[in-house]
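Asks: One structure is given below, represented as structure tokens, and several questions about it will come after.
Derivation of every value follows stated rules applied to the coordinates shown; laboratory data play no part. The model shown is predicted, which means the values in this text are computed figures rather than measured ones. Counting neighbours? That spans all protein chains shown, and the Cβs are built from the backbone with ideal geometry, glycine included.
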Amino acid sequence: MSMKDVVNAECERTGEPHENLTEVDFRLKYLTKMDVDVLAKLQGVKRIKCSTNMIEKMVPFPDLKNLGILSLGRNSIKKIEGLDNLKNLKQLWISYNVISSLDGLSGLPQLETLYMSNNKISNWDELKKLEHNKNIFDVLFVGNPIYNNLTRNEAQMKVLELVPQITTNAGGKVDGIQATLIQSGGGGEDE
């Protein structure tokens, strides 16, 4: 099944034309590639679910002004790319891929949520690339090699150190004590 087939079936099911669809579910369709021509017709789409396929490469997304949530988890994506036209994207769900870098996110000024567990992020410096994403407050990196040899709490503290604006980390709220410890240099004892 292709993306075109899925969209045509959704139009038939809802009675809506391509441009009026607000959500398209491409999950479990055995897709191996994304189709930019099909995506370009989805001008009204607010959410694209494209998880659990066999996609290896992202395409340059067209200017989808209404797209707020993009789900690409459980694929074989190696690199985040082609998202620069998604200026209003608020949530990117891209866990369970093979991504080793956070390049490709700086062009997403409205990004608030990044779920990226179980990828191949092995260098803590990659998280510094999120400094361009001023609105990001919810992240998930559990299951990446950066968590190796650290307790979950130690890893969460490291994420908070590198991305201080977050309020939700690894599915849990960041409490004031954690934030205070990081901002004060991790001490906690009077000098």
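Asks: Wrap a convex hull around the Cα atoms of the stretch 3-183, take a quarter of its surface area, and give that in square nanometres. Each step should come with its number before you reach the end.
Replies: Details: hull surface 39.1 nm².
Averaging across all directions leaves 9.8 nm² for the Cα convex hull.
Asks: Around Leu130, with a cut-off of 14 angstrom between Cβ atoms, what is the net charge of the other residues, counting Lys and Arg +1 and Asp and Glu -1? Mind showing how you got there, number by number?
Replies: Numbers: positive: Lys128, Lys129, Lys134, Lys158; negative: Asp103, Glu112, Asp125, Glu126, Glu131, Asp138, Glu161.
Neighbour charge sum, excluding Leu130 itself: -3.
Asks: Relative to the longest principal axis of the chain, what angle (0 to 90°, nearest 10) does the C-alpha long axis of helix 3-14 take?
Replies: Around 70 degrees separate the two axes.
Asks: Could you sort 47-54, 68-75, 36-43 so that the peptide with the highest average Cβ count within 10 Å comes first and the rest follow in order?
Replies: Output ranking for 47-54, 68-75, 36-43: 68-75, 47-54, 36-43.
Asks: With +1 on the Cβ of every Lys and Arg and -1 on the Cβ of every Asp and Glu, and nothing else charged, how large is the dipole of the chain about its Cα centre, in debye rounded to the nearest 20? Please list the in-between numbers first.
Replies: On the way: 23 positive and 25 negative charges, 122 e Å.
So the dipole magnitude of the chain works out to roughly 580 debye.
Asks: Going by Cα centres, the stretch 98-112 and the stretch 1-74 are how many Å apart?
Replies: 20 Å
Asks: Once amide H atoms are placed 1.01 Å from N in the peptide plane, what residues at a sequence separation of 5 or more from Lys41, or on another chain, have their amide H within under 5 Å of its amide H?
Replies: Sorted by chain and number, the residues that satisfy this come to none at all.
Asks: Given 4 °C and 1.567 mPa s, how large is the Stokes-Einstein diffusion coefficient of the stretch 1-61 in µm²/s, with Rh as the Kirkwood radius over Cα pairs? Please list the in-between numbers first.
Replies: Numbers: Rh = 11.6 Å.
After rounding, the answer is 112 µm²/s.
Asks: Taking every Cα atom in the stretch 26-96, find the radius of gyration and the maximum pairwise distance Dmax, and write them in Å.
Replies: Here Rg and the maximum Cα pair distance are 11.0, 28 Å.
Asks: Another one. Would you mind checking the tilt of helix 152-162 against the longest principal axis of the Cα atoms of the chain, expressed as 0 to 90 degrees and rounded to 10?
Replies: Rounded to the nearest ten degrees, it is 80.
Asks: Still on this structure, please answer the following. Once Lys and Arg get +1 and Asp and Glu get -1 on their Cβ, which of Asn85, Met58, His18 lies farthest toward the positive end of the dipole of the stretch 3-183?
Replies: So the residue we want is Met58.
Asks: Hey, another quick one. Less than 12 Å Cβ to Cβ from Asn97, Lys/Arg counted +1 and Asp/Glu -1: what total charge do the surrounding residues give? Intermediate values should be presented prior to the final figure.
Replies: Details: positive: Lys57, Arg74, Lys78, Lys79, Lys120; negative: Glu56.
Result for the neighbourhood of Asn97: +4.
Asks: Mind ranking 102-111, 89-98, 142-151 by how tightly packed they are, going by the mean number of other C-beta atoms within 10 angstrom, highest first? Show your work: numbers first, answer last.
Replies: Details: 102-111: 18.0, 89-98: 20.2, 142-151: 14.6.
Listed from highest to lowest mean packing, they are 89-98, 102-111, 142-151.
Asks: Next up: Need one number: % antiparallel among DSSP beta bridges in the chain, to the nearest 5. Don't skip to the answer; put the middle values down first.
Replies: Details: 2 of 19 bridges.
Expressed as a percentage, antiparallel bridges in the chain total about 10.
Asks: Something else: Report the residues of the stretch 109-145 in range of a label on Thr168: point 7 Å along Cα→C-beta, backbone N strictly under 15 Å from it.
Replies: Hits in the stretch 109-145 for Thr168 at 15 Å: 111-117, 135-142.
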